Amino acid sequence: MPSYSPALTAALAAIDEDAFVRRTDGTLVAQSSSQQIIADLINRLDLQPGMTVLEIGTGTGYSTALLAHLAGAEGHIVSVDVVTELVDRARTLLPAHGYPNTTVLRADGVQGAPEHGPFDRIIAWATAPHLPAAWITQLAFNGVIVAPIALAPISKSGIGTRIRLTDDTTPYIDQLFPAGFVEMHGQELDQWLIPPYGIDVACRDDTGRASWLSSPWLRSPEQYLQGQHLLDNLATKRREISGPLEPGEPAADFRAWLLTTQPDGLTTAALGDPTWRIGHAHPTGAALTDTRTATTMITAGDPDAIDVLLTWTTRWRDTGRPGLADFGANLTAFHDGWTVSAGVD
Ligand SMILES: C[S@@+](CC[C@H](N)C(=O)[O-])C[C@H]1O[C@@H](n2cnc3c(N)ncnc32)[C@H](O)[C@@H]1O
């Protein structure tokens, strides 16, 4: 078991996970994250007794219970979710399991919870497209945010960030770490196969399996039609070849480097199965690899798309295979918050 703070270890031992993640008929609540992922993010939050916390993405309420345990009777957790049924469920479960120090609201977490701040800590379980201004406005002096935030303007580009505010206005990032969560959505989702953010072309086959592509070059009317044709080719005329990585090379670092450098034509995708892919696509060809091992590519159309992905791989290897641990991160202000960028220090 990874090592967590003594207080978090005690909270994990004290709370019955099943009471939150399972419904009364024994089925799992769809919006559960694994205990290890939840503990990893909470461990980074440095939550102390007596603190006030904003949680974005109540889900099962399990993470809310852990936060409430750590904050103690003098602390308070305000937790928001866009799914009314989950909000109602958590409002009943949390006090029944000894956590009256919680307020659960139906709200879009991008706005925070302005009437309930300021918050000593903010934690999110869904990927924000950028760091929202509202979170910083509602964060107390010396506050900490732990949240997945998109590194690129494409779907499935989230990484974990820890953000600190040590003066009144200027937040900074002091940690980057892997974190794959659903993108934030302002409304309840009615399907799970197509992500709620950054999808440029999408289709479903006869059995309902979804395929999609996400890339800035697809965002013009002419390119959109070519993108649809390309997606159709990937679904019906695809080839599978090995590469771009050798077994054992760090695929998570390669993905992080691609998202950080954002070379022209960087594209994310899913192609009829639950595997997220990343690689190169242009109007007449694509080469996309899985994000877990990156040892097989799915390709269609122009073979030069494969060459592009292999060239990127050579550049990554030549610079020493950097990954999240090697990157420093920056926040750049824009009208509604800050965008996150990263690079080798
Ligand atoms: C991974 S799940 C929940 C994780 C949770 N802490 C758990 O394991 O029980 C993410 C949750 O974020 C919620 N969510 C997504 N976008 C949101 C938004 N804009 N505001 C608030 N909640 C959001 C989803 O409805 C979902 O319940």
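List of remarks:
- Matching residues in region 22-72 - criterion: being away from the ligand (no atom under 14 Å from the Cβ) and either at positive phi or basic (K, R) (or both): G26, R44, D46, G50, G72
- Of all residues in region 49-90, those that are without any contact (Cβ under 8 Å) to a residue 60 or more places away in the chain and not in a helix (DSSP H, G or I) total 15.
- Within this structure, G109 passes the test of being in the same structural domain as I145 (by TED's automatic domain parsing), modelled with pLDDT of 95 or more and within 12 Å of the ligand (Cβ to nearest atom).
- Residue match in region 220-232 (condition: within 29 Å of P322 (Cβ to Cβ), surrounded by 13 or more Cβ atoms within 10 Å (Cβ to Cβ) and modelled with pLDDT of 95 or more): no
- In region 312-340, the residues that are farther than 17 Å from I136 by Cβ and touching a strand residue (DSSP E or B) at 6+ places or on another chain (Cβ under 6 Å): P322, L324, D326, F327
- Criterion applied to F181, F177 was being under 16 Å from A325 (Cα atoms), of a type in the set (F, W, Y) and touching a residue at least 40 places away in the same chain (Cβ under 8 Å), and the one residue passing it is F177.
- Matching residues, region 201-220, being closer than 18 Å to P153 by Cα and more than 25 Å from the chain's Cα centre (by Cα): S220
- Residue within region 10-19 that is of a type in the set (D, E), more than 16 Å from the ligand (Cβ to nearest atom) and not in a helix (DSSP H, G or I) present: no
- In this structure, I42 qualifies as touching a residue at least 40 places away in the same chain (Cβ under 8 Å) and buried (at least 17 other Cβ atoms within 10 Å of the Cβ).
- When region 258-275 is filtered for residues that are surrounded by fewer than 18 Cβ atoms within 10 Å (Cβ to Cβ), outside any helix (DSSP H, G or I) and at negative phi, the ones remaining, listed by number, are P263, D264, D273, P274, T275.
- Counting the residues of region 294-321 that are of a type outside the set (G, A, S), out of contact with any Gly (no Cβ under 9 Å at 6 or more places or on another chain) and either part of a loop (DSSP other than H, G, I, E, B) or under 30 Å from A133 (Cβ atoms) (or both) gives 2.
Yes/no matrix, rows are residues, columns are (1) within 20 Å of L176 (Cβ to Cβ); (2) among the charged types (D, E, K, R); (3) in contact with a helix residue (DSSP H, G or I) (Cβ under 7 Å, 6 or more places away or on another chain):
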{"site": "S5", "(1), (2), (3)": "no, no, yes"}
{"site": "L8", "(1), (2), (3)": "no, no, yes"}
{"site": "D16", "(1), (2), (3)": "no, yes, no"}
{"site": "R22", "(1), (2), (3)": "no, yes, no"}
{"site": "G26", "(1), (2), (3)": "no, no, no"}
{"site": "Q31", "(1), (2), (3)": "no, no, yes"}
{"site": "Q35", "(1), (2), (3)": "no, no, yes"}
{"site": "R44", "(1), (2), (3)": "yes, yes, no"}
{"site": "E55", "(1), (2), (3)": "no, yes, yes"}
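- Residue identified as part of a helix (DSSP H, G or I) and either more than 18 Å from T275 (Cβ to Cβ) or touching a helix residue (DSSP H, G or I) at 6+ places or on another chain (Cβ under 9 Å) (or both) among L225, L213, L189, L234: L225
- Among the residues of region 183-193, the ones that are more than 14 Å from I154 (Cβ to Cβ), at pLDDT 85 or above and not polar (S, T, N, Q) come to 5 in all.
- Residues satisfying the stated conditions in region 112-124, i.e. surrounded by fewer than 24 Cβ atoms within 10 Å (Cβ to Cβ) and within 12 Å of the ligand (Cβ to nearest atom): A113
- Residue match in region 271-286 (condition: in contact (Cβ under 8 Å) with a residue 60 or more places away in the chain and within 17 Å of the chain's Cα centre (by Cα)): yes
The values are calculated or read from the model by the stated rules, or taken from the named source; none is laboratory data. Because the structure is a prediction, the values reported are computed rather than measured. Heads up, the Cβs are rebuilt from the backbone with ideal geometry, glycines too, and the neighbour counts pull from every protein chain shown.
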